[in-house]
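**Q** Mind looking over this structure? Questions follow.
Quick note: the coordinates plus some simple rules give every number you see, no bench work behind them. On a predicted model such as this, the values are computed, not experimentally measured, just so you know. Because the Cβ atoms are built from the backbone with ideal geometry, glycine has one as well, and the counts that use them run over all protein chains shown.
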Amino acid sequence: MRPVRNGFTAGAVIALAAGLTIGAAPAQAATPTAAEHCVDGTLTLRALQSGCTVASGSVALPDGRTFTVPAPGESVAATSSSVPGAAELPEVVVSNTGSSGVAVRIDDVWKGSSAAASAASRAAAAREATAPTATTRAAADPKCTNRSYATTGYRWAGSVQWYYNESGQKSTYAKDALRKAANAWTGTIAACGTTVTSTARNGYLRLATQAPGLTDRGGCTSSNGYSVMGWGKLPAGTLGVTCVWYDGSGVAKESDQRYATGYKWSSTAACSGGRFDTQAVATHEWGHVYGLAHVKTGTGQVMQPSGGYCDLGARTLGLGDLTGIAALY
Ligand SMILES: [Zn+2]
C-alpha cells in the first residue's frame with residue numbers, strides 16, 4: 001500500500017505561468033542605467049528589488065533560509081522532499097544575472113531585481129514550453145499509467161562525479177543506497193513494462209570530508225567544485241534537500257545533498273518500522289540532481305514531493321519518471 005502524500009506545489013508548471021505574467025510586466029524595468037552594487041552582507045529580497053549587483057554575499061528568504069549568491073551568470077536551485085503532511089520547503093532558485101542583479105524564485109513567484117526576474121522567467125518559460133503536458137488517468141495505482149514529469153531547467157553535459165561524507169550518517173547502508181539511487185536514472189532502465197535508455201551518468205568517487213554546501217535551514221551555500229552528499233540538520237518535516245549550481249545555459253556543474261539527521265532511516269537494504277527508506281528518498285533526490293522537479297501528489301511517481309515510512313516502491317521509477325529522464329537525457 002502506498003502512503004498518503006500531501007502538500008504539493010507544481011513548481012515548474014506554475015513557474016511558467018509566473019514567467020508569462022512577469023514577462024508582460026514593464027519592460028522599462030531594464031533601464032540601462034549603471035547598476036549599483038548592493039550593500040555587502042546578507043541581503044533581503046526587498047534590497048534586491050533595485051537591481052543592484054552582487055559579486056558576493058547572501059540572500060535571506062522570509063522563511064529563514066539563506067542562500068549564498070552564486071557567481072554572476074550562474075544560478076543555484078534547492079529542491080527537497082518532505083514527510084507526509086509536513087509543510088514542504090518551497091522550491092527556490094537564486095539567479096545572479098550579473099549586471100541586472102539577482103532574481104529569486106520561490107515556488108511560483110519571482111522576486112528580487114525585476115529586470116533579472118524578467119530575464120530569468122523568460123528563460124524558464126522558454127525551457128518549460130518544450131515540456132509535454134502532463135496526462136492524468138484515474139487508476140488504483142497510477143505509477144505505471146501516469147506520464148507526469150516536470151523539469152527544473154538545468155541538466156548535466158557529462159557525468160555527475162560525486163563524493164559521500166559519512167559524518168553523522170543515520171544509516172550505515174547509506175553510501176550503497178545513494179549509489180543505487182544515482183544509478184536508478186541511468187543507462188537502460190526497465191520499469192512499468194517498458195524500457196528506456198538514459199544518457200544521464202554519474203560516478204561515485206570516494207568518501208570525502210568536505211561538507212555538503214547546505215545550511216541547517218535547507219539553504220544552499222557557495223559552489224566549491226565538489227559534489228558531496230551527506231547528512232545534517234534540516235527543518236522539521238524535511239527529509240532531504242538537493243542543491244544544484246548551474247550556468248546561464250542551464251548546464252549543471254555541481255550538486256550537493258543533505259539528508260536529515262532528525263529522522264530514523266533504514267540501516268540495511270531492508271526497511272521496517274517507523275523509518276524512512278534511504279534508497280527511496282535518495283532516488284527522489286537524485287531525480288532532482290539530474291534535473292527533474294516535483295509532480296503532483298497522487299501521480300504515483302518517485303518525483304512526488306513526499307514519501308512515507310519504508311516507501312520501497314519509490315526505489316523504482318514510475319512511467320512519468322521514465323518519460324522525464326528519457327526526455328532530458
Ligand atoms: Zn523533492
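**Q** Let me know the volume per residue of the alpha-carbon convex hull for the chain, in Å³. Could the numbers behind the result be given before it?
**A** Values: hull volume 38.4 nm³, N = 329.
Dividing the Cα hull volume of the chain by its residues yields 117 Å³.
**Q** Would you mind telling me the antiparallel percentage of the DSSP bridges in the range 11-328, rounded to 5?
**A** Details: 40 of 58 bridges.
About 70 percent, rounded to the nearest 5.
**Q** Rounded to the nearest 10 degrees, what's the angle between the helix 174-183 long axis and the longest principal axis of the chain, both from Cα atoms, 0 to 90?
**A** 80
**Q** Also, I was wondering about something else. Please work out the ratio of the alpha-carbon Rg of the range 62-203 to 2.2 N^0.38 Å and round it to two decimals. Could the numbers behind the result be given before it?
**A** On the way: Rg = 18.3 Å, N = 142, 2.2 N^0.38 = 14.5 Å.
For the range 62-203, the normalised Cα radius of gyration is 1.27.
**Q** Once the other residues with Cβ under 14 Å from the Cβ of Trp245 are scored (Lys, Arg +1; Asp, Glu -1), what is the net sum? Can you show the working numbers first?
**A** Numbers: positive: Arg155, Lys253; negative: Glu74, Asp247, Glu254, Asp256.
Within the 14 Å Cβ shell, the charges total -2.
**Q** Relative contact order for the range 56-205: what is it in percent, counting Cα pairs under 8 Å that are at least 6 residues apart? Present the calculation step by step, with values, prior to reporting the outcome.
**A** Working: 182 pairs, mean separation 17.6, N = 150.
Worked out over the range 56-205, it gives 12 percent.
**Q** With each label point set 7 Å from Cα along the Cα-Cβ vector, what nm distance links Arg206 and Thr42?
**A** Using points 7 Å along Cα→Cβ, the separation is 3.7 nm.
**Q** Using only Cα atoms, find the angle between the long axis of helix 278-290 and the longest principal axis of the chain, and express it within 0 to 90 degrees, rounded to the nearest 10.
**A** Around 40 degrees separate the two axes.
**Q** Could I ask something else about it? On a full-extension model of 0.36 nm per residue, what is the gain between Ala190 and Ser99, subtracting their alpha-carbon distance, rounded to one decimal in nm?
**A** Details: separation 91, 0.36 × 91 = 32.76 nm, distance 4.62 nm.
Result: 28.1 nm gained on full extension.
**Q** Where does each of His288, His294 land when they are ranked from fewest to most other beta-carbon atoms within 10 angstrom?
**A** Numbers: His288 25, His294 30.
In increasing order of surrounding Cβ atoms, one gets His288, His294.
**Q** Straight-line reach from Lys233: which aspartates and glutamates fall under 13 Å, measuring Cα to Cα and dropping same-chain residues less than 8 apart?
**A** Candidates past the 8-residue exclusion: Asp216.
**Q** Of the candidates Thr242, Thr209, Thr199, which one comes out as most mobile in a Gaussian network treatment of the chain with C-alpha springs shorter than 10 Å?
**A** Among Thr242, Thr209, Thr199, the largest GNM mean-square fluctuation belongs to Thr209.
**Q** Turning to a different aspect of this structure: Let me have the 222 nm mean residue ellipticity of the chain computed from DSSP H runs of 4+ only, each contributing -39500 (n - 2.57), with the sum over all residues rounded to the nearest 500.
**A** Numbers: 6 runs with 65 residues, N = 329.
After summing the helix terms and dividing by the residues of the chain, the value is -6000 deg cm²/dmol.
**Q** Would you work out the relative contact order for the chain, in percent, from Cα pairs under 8 angstrom that are 6 or more residues apart? Spell out each step's value before the answer.
**A** Details: 850 pairs, mean separation 75.2, N = 329.
It rounds to 23 percent for the chain.
**Q** If you don't mind, another one. May I ask for the Kirkwood hydrodynamic radius of the range 179-304, worked out over all distinct Cα pairs and given in angstroms to one decimal?
**A** On the way: mean 1/r = 0.0636 Å⁻¹.
It works out to 15.7 Å.
**Q** Next question. What does the charge count around Cys271 come to, taking other residues whose C-beta lies under 14 Å from its C-beta (Lys +1, Arg +1, Asp -1, Glu -1)? Please list the in-between numbers first.
**A** Working: positive: Lys170, Lys180, Lys264, Arg275, Arg315; negative: Asp176, Asp277, Asp311.
Computed value for this residue: +2.
**Q** Give me Thr68, Thr42 ranked fewest to most by other Cβ atoms within 10 Å of their Cβ, as a rough exposure proxy.
**A** On the way: Thr68 21, Thr42 13.
With the fewest neighbours first, Thr68, Thr42 line up as Thr42, Thr68.
**Q** Counting only other residues whose beta carbon sits under 14 Å from that of Tyr164, what net charge do I get with K and R as +1, D and E as -1? Could you put the intermediate results ahead of the total?
**A** Numbers: positive: Lys170, Lys175, Arg179, Lys180, Arg206, Arg258; negative: Glu166, Asp176, Asp256, Glu285.
Net of charged neighbours comes to +2.
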